[in-house]
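Take a look at the structure below.
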Amino acid sequence: MKVTKEQLRRFYINYHGFNEFFELGAQDAVERIFARIRSVQFDPLNVVGRNAELVLFSRNRNLTRQTLYDNLYEKRTLVDGWDKMMCIYRASEFRRFVYVREHMKGEYNGVINWRRQTESFAHMDEIYSYIDANGPVLITDIPSPKTNDGRWGPTKIAGVCCEYLFFCGKIVVVNKKGVVKAYDISEKIFGPDANVNEFDSFDEFLRWYVLRRIAAVGALWNKNGGGWLGPFLEKGDARPATIDRLVECGDLIAVDVDGMKEKFYVCAGDEKYFEMPMERERAVFIAPLDNMIWDRKLISKVFGFDYTWEVYVPAEKRRYGYYVIPILLGDRFVGRFEPKQVKAGEKLSVNSVWFEPDYTPKDGDIEKIAAEFDRLASFLDVETDVGIKDALFSASIKQ
């Protein structure tokens, strides 16, 4: 299949449903979004909402921040688990991640050794039994001595054990009090076969996993990068060979893009998003860890937009700011902004707004972006600071 770069940009907008999912009812939107993009990356930073909340916010106007957690911890249609990184995905897929959990068990063994907390292994059965008898239980309520060291990890035996048991799949997060997790036994939540592998072979799993990862982004190239992070896909020969087999059997479509040497891959049936018309040109705030921008080099090549999440960059070396959010308008990234952290009783405001050097706002663009700020403020249950519109006009004048 051959497409233009413009068609590929439109594909991403259509595939991620920024228009399609926008008017849906909240519950229907959550189900449809996760059915489409599979996993949403979790990050605990809360400046103007956490990443997973912002991913859903950008795609739907009717859900609230609580909608996500109702599906995680009340309806249990979603579950916390390791995928690309720490993610949220559909609970119906829990058994399909057995190979991933086995891999992460080995990884976390190494982490425990590096943190010099190996004394925790002697307490695993004890902590598991306590959760079995008392769950759901907050990790802070589990009786536990301190560990020997820590090295940026949990400082108590219970914390180390719970992380290990979680990565193994023996316990799951069933609630949270702020950022403090409550755990229970997996089999209590998902039944006695919770950790029974659904796949007959690793090869069968890998084919599913590659297809699933491409679906999470929509279209991916076969180059190492943010789209392929995580167990089994990040490096090595398994991924290219699996992609070739999936193309050969028709599960993947290979796509050539005019002016680009890289070949892209989309799941069979998703070709329709290349030609689907864009119903509206709305402003969209893209979460820093949104699936669409997992591969920053890909986004740079396709959209001409260079983005680095600078939260881990020393302040003196940042180009823009600590927590900067890209602004999408129609099928192009037109700028970015750094919000101030919103606390209870405060207004949504910004430190700075930057528009791209080659972008000149058209009539109505500023109003569309300002309206999205109002929508974000409503999502956060705060008001919009009047200074935001002044910041937008000021940034547009600099163009």
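The values are calculated or read from the model by the stated rules, or taken from the named source; none is laboratory data. Everything numeric in this text was worked out from a predicted model, so none of it was measured. For neighbour counting, all protein chains shown are included, and Cβ atoms are generated from backbone atoms with ideal geometry for every residue, glycine included.
Points worth noting:
- Flag if V100 is in a helix (DSSP H, G or I) and either over 17 Å from R213 (Cα atoms) or in contact (Cβ under 8 Å) with a residue 12 or more places away in the chain (or both): yes
- Taken over the range 244-258, the criterion of being touching a residue at least 12 places away in the same chain (Cβ under 8 Å), assigned to a loop (DSSP other than H, G, I, E, B) and either small (G, A, S) or over 20 Å from L8 (Cα atoms) (or both) is satisfied by G250 alone.
- Residue in the range 51-65 that is within 27 Å of F199 (Cα to Cα) and charged (D, E, K, R) present: no
- So D132, is it at negative phi and without any contact (Cβ under 8 Å) to a residue 24 or more places away in the chain: no
- Residue in the range 351-364 that is surrounded by fewer than 17 Cβ atoms within 10 Å (Cβ to Cβ) and of a type in the set (A, V, I, L, M) present: no
- Screening V324, V302 for residues that are touching a Leu at 6+ places or on another chain (Cβ under 9 Å) and over 30 Å from Y99 (Cβ atoms) leaves exactly one candidate, V302.
- If the condition is being touching an Asp or Glu at 6+ places or on another chain (Cβ under 7 Å) and either more than 22 Å from L54 (Cα to Cα) or aromatic (F, W, Y) (or both), then the range 268-302 contributes A268, F285.
- Search result, residues across the range 1-18 that are outside any helix (DSSP H, G or I) and within 14 Å of R36 (Cα to Cα): H16, G17, F18
- Condition met for I142 (crowded, with 18+ Cβ neighbours inside 10 Å, over 28 Å from Y99 (Cβ atoms), modelled with pLDDT of 95 or more and not small (G, A, S)): yes
- For the range 379-395, taking the residues that are touching a strand residue (DSSP E or B) at 6+ places or on another chain (Cβ under 8 Å) and surrounded by 16 or more Cβ atoms within 10 Å (Cβ to Cβ), the one that is farthest from Q66 (Cα to Cα) is identified as A395.
- Among residues of the range 353-399, those that are in contact with a Phe, Trp or Tyr (Cβ under 7 Å, 6 or more places away or on another chain), closer than 21 Å to V48 by Cβ and among the polar types (S, T, N, Q), counted: 1
- Residue in the range 22-30 that is part of a helix (DSSP H, G or I) and surrounded by 22 or more Cβ atoms within 10 Å (Cβ to Cβ) present: yes
- Cβ-Cβ contacts under 7 Å between residues 6 or more apart (or on different chains), taken from a first residue in the range 374-389 that is more than 16 Å from L63 (Cα to Cα) to a second residue that is among the small types (G, A, S), are listed as E383/A377; T384/A377; D385/S349; G387/S349; I388/S349; I388/A370; K389/A370.
- Put simply, of I112, I171, I127 the only residue that is touching a residue at least 12 places away in the same chain (Cβ under 8 Å), more than 23 Å from D70 (Cα to Cα), touching a Cys at 6+ places or on another chain (Cβ under 7 Å) and among the β-branched types (V, I, T) is I127.
- Flag for I243 being over 24 Å from I33 (Cα atoms), surrounded by 14 or more Cβ atoms within 10 Å (Cβ to Cβ) and under 25 Å from the mean Cα position of the chain (by Cα): yes
- Qualifying residue in the range 262-269 (condition: within 19 Å of Y15 (Cα to Cα), surrounded by fewer than 18 Cβ atoms within 10 Å (Cβ to Cβ), out of contact with any Lys or Arg (no Cβ under 7 Å at 6 or more places or on another chain) and of a type in the set (G, A, S)): yes
- Meets criteria (of a type outside the set (A, V, I, L, M, F, W, C) and farther than 13 Å from Y12 by Cα) for K272: no
- Considering the conditions (1) modelled with pLDDT of 95 or more; (2) over 27 Å from W228 (Cβ atoms); (3) over 21 Å from the mean Cα position of the chain (by Cα), P314 is excluded by exactly one of them, (1).
- Subset of the range 317-357 that is more than 22 Å from I13 (Cα to Cα) and charged (D, E, K, R) - its residue that is modelled with the lowest pLDDT: K343
- The residues on offer are D70, D80, D132, and the sole one that is modelled with pLDDT of 95 or more, charged (D, E, K, R) and farther than 20 Å from C168 by Cα is D70.
- In this entry, D237 is excluded by the filter for residues that are within 17 Å of Y12 (Cβ to Cβ), acidic (D, E) and surrounded by fewer than 17 Cβ atoms within 10 Å (Cβ to Cβ).
- In the range 281-397, counting only helices (runs of 4 or more DSSP H) that sit wholly within it, the ones holding 2 or more residues that are under 30 Å from L220 (Cα atoms) and not aromatic (F, W, Y) span 296-303, 365-379.
- The number of residues in the range 44-81 being assigned to a strand (DSSP E or B) and either under 16 Å from D28 (Cβ atoms) or in contact with an Asp or Glu (Cβ under 9 Å, 6 or more places away or on another chain) (or both) comes to 3.
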